[in-house]
Amino acid sequence: VEQHGWQLEDLNNHDYGHLLRFANYGYLQAGIASEAAKIRQRVLQDFVASGGAAEIAAPLADIWARWVIDLEQWQQTDTLAELAREHALRQPNIWTAIGLGAVRNGNLALAQEALTVLSDLADGSASEGDIAALQVEGLIRIAEGSTQQGLSLLSDAIKINTEMNRRNPVTLIGIPPRPIKPSRELYGEALLETGNATLALQEFQTGLITYQGRTNMLLGAARAALATDNLTTARRYLRRLSETWAGAEQNHPFKNEVMQILSQ
């Protein structure tokens, strides 16, 4: 910025946000977490140095949220919540990550806080806020024991997601995904966890039409196939993951799971 004499309002025009978001997503999907970590720290440093510029807030929220969601770093949920509160970040993506992570950690009070923020952001226009509120509420209801109600909310999120894609076709590109957690992916995970692996596999396979090569979707499909004793299908998805993660770092959270199954 200083070198070229740009102003803060020029940042998006000069691809600051796009560059960092795409690079971050690429590193996360490839399993090179150390490079993604450098991007997280850089965008936070830039945000603080700018005095909390709104132009940097959006990529900051997105980049930190994807780390937690795509690598399932649920143990970092409290850190993410502290970041959001400290810097008054109210983007749907970061509060989606907080809400999903809080449910995974059994912290329903924090999940409810996230839902409150997301409900405030939801405006009925098939926005990311609308989708995220349904996603988080759906997981909360499942955690509370209202499984069918929760699954119904997650299914509704898919419908709103589809409407958002129709109104804003650029969201169909799927890289990085918008919303930050694809609705079919989350629904598939919930179906798998609540005992419907067959339907879960169908949802993951449908999701892969849009989110081709997304590792989280491939991993979900592989897990669902294994749960239905369809080892041939599972190995097909796992081989694709092993190719994507050929250069992944050794501490990648999912790589060993994939390699162990393929070695059987």
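A few points about this structure:
- Of the residues Gln135, Val117, Thr206, the one whose Cα sits farthest towards the positive end of the charge dipole of the chain is Thr206 (charges of +1 on Lys and Arg Cβ, -1 on Asp and Glu Cβ, taken about the Cα centre).
- Here Lys38 is the anchor, and the aspartates and glutamates within straight C-alpha reach of less than 14 Å, apart from those fewer than 8 places off in the same chain, are Asp46.
- Over the chain, Cα pairs under 8 Å with separation of 6+ residues give a relative contact order of 14 percent.
- Cα-based reach from Lys181 at 12 Å (exclusive), listing aspartates and glutamates while leaving out same-chain residues under 8 positions away: Asp62, Asp70, Glu72, Glu128, Glu189
- Note on the range 122-215: Kirkwood radius taken over Cα pairs, Stokes-Einstein applied at 10 °C and 1.306 mPa s, translational D equal to 120 µm² s⁻¹.
- R0 of 45 Å, Cβ-Cβ distance Gln202-Val48: FRET efficiency to nearest 0.05: 0.50
- Spherically averaged projected area of the chain from its Cα convex hull (nm²): 14.0 nm²
- Projected area averaged over orientations for the range 183-264, convex hull of C-alpha atoms, nm²: 5.1 nm²
- Counted residue by residue at 0.36 nm each, then reduced by the alpha carbon distance between them, the extension gain from Gln148 to Ala88 reaches 18.2 nm.
- Globularity index of the range 73-173, i.e. its alpha-carbon radius of gyration over 2.2 N^0.38 Å: 1.05
- Compared with the dominant principal axis of the Cα atoms in the chain, helix 16-30 is inclined by about 30°.
Since every read-out is calculated from the coordinates, none of them should be taken as a lab result. Being a predicted model, the structure only gives us computed values, none of them experimental. Cβ atoms come from the backbone with ideal geometry, glycine included; neighbour counts cover every protein chain shown.
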